[in-house]
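The values are calculated or read from the model by the stated rules, or taken from the named source; none is laboratory data. Remember, it's a predicted structure, so these values are computed and weren't measured experimentally. Cβ sites come from the backbone with ideal geometry, for glycine too, and all protein chains shown count toward neighbours.
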Amino acid sequence: MLCGTVMHIIQQRGSEIDQPVDWQTILKPLITLLFCSDEQISETGKQSLLKILSINPIITNDIVQLGLLDQTSELLDQAFPSTSGTSSQQQLPILLSQIVLLNILEVIGQVIKTDDEFGLKAFLLRNCLSRIMRLNLPTSIILAIGSIPLVLEDEFTTDNSSDISHLKLQEAQNRIQLLQKIINQKDESIRIEQLEKREYKIKLKEEQLRSLQLEERLRIAEEQLQTEEKLKKEALQQIKIKDEEIQHQQMELIQILKKSPVQGSPELQFEEHVEIDLTSQFLNPDSTGQLLRIEQIDNLHRKAVILNDWLTVCIPLDKVITDGIHSVSVQFQKCNSAHCVNGFVGIVKAKHEVPCPCNPLNKPHYLDMLFYNGFDGTVKFKGHVRKGNSKFSDGQLITMELNMKAGTLHFIVDEIQQPVFINGITEPVRFFWELFLKDSSVTVISVETLSQPNAKKLPNEHGYEW
């Protein structure tokens, strides 16, 4: 590129000063570069000469006079001597690469294309090319020689045109085979794609059918669930009504028993003068609403139901007792484990905050909470265990009578006073109850203030200090 630019500048400068340019002096070094064994230098010489020929075609005569055609003939004779065999493909000498030879032939072809008359002057070159075309040359060299105009081909194309045509035909056939292979691959890809689409459509239809079937099954299941929920609600409502009827009947029975005491038995002898408490109700220690449900009985929160299994939940009464004689009766439901209630009744110091859940056996609760265990009949407080009371079960009436005048707490099961009791109670307390099993409940039947205690002294009683 640089050499071509320099040539253009020289030509332009010569025309400006109106003096002829000595082209042979300029072109001779470029021809030397063209014949250099270094491929890059040869390429530079070729590009420079082709550039000059395209700009100023009249210099072809100077190139021929510098011996380009004859020098090329000599080089080809050296590269392909007449004594070389034709059994194998002819190799170029080490000092002359195939690239350099192709560069030279390209320049020769351009020179002859520029002026056909030079083809008639290239006698030696024509004979040389005619001879070497009969050799087993590399394809690229054969094609390069074949591209030289027909002025040179008059002598040798007759014998070698079939070889060139054969090469071109072979190349075309190879191209056709390649295109056919590409077409076959494309057809196979299309076939596979169509097959995959068909399989996808089949699977899609199967999935849609399966989805419809699942939706139908889900709809039927939801309808069944709604029906079951409706029946369950109706059953629970009936149970609730029955429970309320039973509780009312039990309260009436208690009032009758209190008015008709039985003499000479360990059962309690009730006084007629009692005051019914119609305000006291459960406190709800569960702020989350996830562990405990408090229900109303006669517009008072007097039924507690535990919502989770294996959690100890304690439910205190809101009434703080500081003086007087107080009696509270309850019933447990769905609390039985091995035919006995898995739950407690007891009292807790009024200052003690009852959390949810809460286990009276654990610190710090066991120091402030005393209870009577229905499962084994024991009374526990501050780590001490007292035996002697009976076990109790679902449906039995469990009563605690707290006498703050005497500082005592007695336990009564179905109107039968238990022998183990507590004395020495001098501080404010509350009643509380404990549940453990899911869906188990405790219901307050009555809360009363007594003018005289119903509990009596028993021959086998055992009192323990608070």
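Given T408, T378, T426, which one is touching a strand residue (DSSP E or B) at 6+ places or on another chain (Cβ under 7 Å) and touching a residue at least 12 places away in the same chain (Cβ under 8 Å)?
Testing whether each residue is touching a strand residue (DSSP E or B) at 6+ places or on another chain (Cβ under 7 Å) and touching a residue at least 12 places away in the same chain (Cβ under 8 Å) leaves just T408.
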Residues satisfying the stated conditions in the range 59-73, i.e. in a helix (DSSP H, G or I) and not polar (S, T, N, Q): I59, D62, I63, V64, L68, L69, D70
Count - residues of the range 24-57 that are assigned to a helix (DSSP H, G or I) and in contact with a Phe, Trp or Tyr (Cβ under 9 Å, 6 or more places away or on another chain): 3
On the basis of being surrounded by fewer than 22 Cβ atoms within 10 Å (Cβ to Cβ), within 22 Å of V341 (Cα to Cα) and touching a residue at least 24 places away in the same chain (Cβ under 8 Å), does V444 make the cut? no
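In the range 447-463, which residues are touching a residue at least 12 places away in the same chain (Cβ under 8 Å) and in a loop (DSSP other than H, G, I, E, B)?
Initial filter on the range 447-463 (touching a residue at least 12 places away in the same chain (Cβ under 8 Å)): 447-456, 458, 460-463.
Once the filter is applied, which keeps residues that are touching a residue at least 12 places away in the same chain (Cβ under 8 Å) and in a loop (DSSP other than H, G, I, E, B), the range 447-463 yields S451, Q452, P453, N454, A455, K456, L458, N460, E461.
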Whichever residue in the range 39-52 is surrounded by fewer than 20 Cβ atoms within 10 Å (Cβ to Cβ) and in contact (Cβ under 8 Å) with a residue 60 or more places away in the chain and, among such residues, is farthest from the chain's Cα centre (by Cα): L50
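Which ones in the range 409-444 are assigned to a strand (DSSP E or B) and under 19 Å from K351 (Cα atoms)? Lay out the reasoning, then the answer.
Filtering the range 409-444 down to residues assigned to a strand (DSSP E or B) leaves 409-413, 416-417, 420-423, 429-435, 441-444.
L409, V429, R430, F431, F432, W433, E434, listed by residue number.
Looking at the range 290-320 only, could you name the residues that are part of a loop (DSSP other than H, G, I, E, B), closer than 16 Å to K438 by Cβ and either among the charged types (D, E, K, R) or outside the structural domain of S390 (by TED's automatic domain parsing) (or both)? Break it down into steps so the answer makes sense when it comes.
First, pick out the residues of the range 290-320 that are part of a loop (DSSP other than H, G, I, E, B): 290-291, 298-299, 307-312, 318-320.
With closer than 16 Å to K438 by Cβ added as a condition, the list becomes 290-291, 307-312.
Matches in the range 290-320: D309 only.
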Quick one: is K382 surrounded by fewer than 21 Cβ atoms within 10 Å (Cβ to Cβ), in the same structural domain as R302 (by TED's automatic domain parsing) and at pLDDT below 95? yes
Can you tell me which residue within the range 260-289, out of those that are at pLDDT 90 or above, part of a loop (DSSP other than H, G, I, E, B) and of a type in the set (D, E, K, R), is nearest to the chain's Cα centre (by Cα)? D286
Determine, yes or no, whether D323 is closer than 30 Å to Q237 by Cα, charged (D, E, K, R) and either in contact (Cβ under 8 Å) with a residue 40 or more places away in the chain or assigned to a strand (DSSP E or B) (or both). no
